[in-house]
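Here the structure is laid out as structure tokens; the discussion comes afterwards.
The values are calculated or read from the model by the stated rules, or taken from the named source; none is laboratory data. Predicted, not measured: the structure shown is a model, and the values here were computed from it. Cβ placement follows ideal geometry from the backbone for every residue including glycine, while neighbour counts extend to all protein chains displayed. With ligands, DNA and RNA removed, areas are computed over all heavy atoms of the protein, side chains included. Shrake-Rupley method; radii C 1.70, N 1.55, O 1.52, S 1.80 Å.
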Amino acid sequence: SDIVSFTTTACEPYQPPPPKLITRSKVSIQLRWNAPNWNGAKVEYYILECNEGSKRVGQADQFATIYEGQTKQFNATKLTPATQYKFRVRAVNKIGQSKPSEIGSYLTQKSAPIPPDPPSVAKVTESSAHMVWTRRPSDNVFTLQMDSGDQGQGFQTVYNGSIVEHTVTGLRSETNYRFKIRAHNE
């Protein structure tokens with residue numbers, strides 16, 4: 001037979017893949033996403049939507065538009081530390097909007113812990129000091145630092161770990177030592 005040719009009509013873009021995490025901080029989450037199949041009409045812009053994720057039981061997710069534009073990357077700012085956020089993206093061409101992407105769910109970083117109480121000396125000998133300190137719920141790891149003023153080196157790390165006690169050995173008798181503790185979380 002003779003050749004018959006035709007062109008299908010364009011339609012809205014396919015559903016895009018979910019946005020992916022690039023970086024995060026205590027107050028921001030930077031995302032990027034890939035372009036979906038155009039379906040015959042070039043993608044003109046993207047819509048990025050966000051939900052903080054603090055919904056009540058039985059309520060549907062409520063998403064709000066936080067970005068509309070042509071780039072496939074966005075930095076969401078002014079967020080709350082240690083909070084879960086949900087993101088989805090839509091692609092728009094001259095025919096219409098795609099279905100929203102699957103949800104990308106990301107957590108902002110926690111705030112650094114406030115300074116802990118100073119360590120206490122549980123036991124002292126002529127060559128050692130057994131130091132103890134208190135763990136708070138936000139503390140994961142501790143750094144114990146010691147300064148022997150006559151050495152002129154300042155505070156030096158003598159312990160790094162998750163246990164709340166440490167015995168420092170190799171001390172000189174009749175010498176003044178100072179200790180401080182630093183708490184770490186993610």
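Quick look at the values:
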| quantity | calculated |
| --- | --- |
| Members of the stretch 130-141 that are assigned to a strand (DSSP E or B) and either modelled with pLDDT of 95 or more or farther than 14 Å from residue 181 by Cβ (or both) | 130, 131, 132 |
| Leading residue by the ranking (farthest from residue 140 (Cα to Cα)) among those in the stretch 90-127 that are of a type in the set (Gly, Ala, Ser), in a strand (DSSP E or B) and open to solvent by less than 30 Å² (accessible area, probe 1.4 Å) | 91 |
| Any hit, the stretch 48-55, residues being open to solvent by less than 70 Å² (accessible area, probe 1.4 Å), modelled with pLDDT under 90 and farther than 18 Å from residue 103 by Cα | no |
| Single residue of 98, 173, 120 found to be small (Gly, Ala, Ser) and within 30 Å of residue 32 (Cβ to Cβ) | 98 |
| Some residue of the stretch 67-76 being at pLDDT 95 or above and aliphatic (A, V, I, L, M) | yes |
| Qualifying residue in the stretch 141-164 (condition: open to solvent by 70 Å² or more (accessible area, probe 1.4 Å) and touching a Pro at 6+ places or on another chain (Cβ under 9 Å)) | no |
| The stretch 1-29: number of residues that are in a loop (DSSP other than H, G, I, E, B) and either under 40 Å from the mean Cα position of the chain (by Cα) or not hydroxyl-bearing (Ser, Thr, Tyr) (or both) | 18 |
| Meets criteria (open to solvent by 40 Å² or more (accessible area, probe 1.4 Å) and modelled with pLDDT under 95) for residue 17 | no |
| Matching residues, the stretch 160-186, being farther than 12 Å from residue 130 by Cα and either assigned to a strand (DSSP E or B) or of a type in the set (A, V, I, L, M, F, W, C) (or both) | 160, 161, 163, 178, 180, 181, 182, 183, 184 |
| Long-range neighbours under 7 Å by Cβ, at least six apart or interchain, first residue closer than 13 Å to residue 32 by Cβ and touching a residue at least 24 places away in the same chain (Cβ under 8 Å) within the stretch 63-85, second open to solvent by less than 80 Å² (accessible area, probe 1.4 Å) and part of a loop (DSSP other than H, G, I, E, B) | 72/33; 72/35; 75/28; 76/28 |
| Check on residue 168, of a type in the set (A, V, I, L, M) and either touching a Pro at 6+ places or on another chain (Cβ under 6 Å) or open to solvent by less than 70 Å² (accessible area, probe 1.4 Å) (or both) | yes |
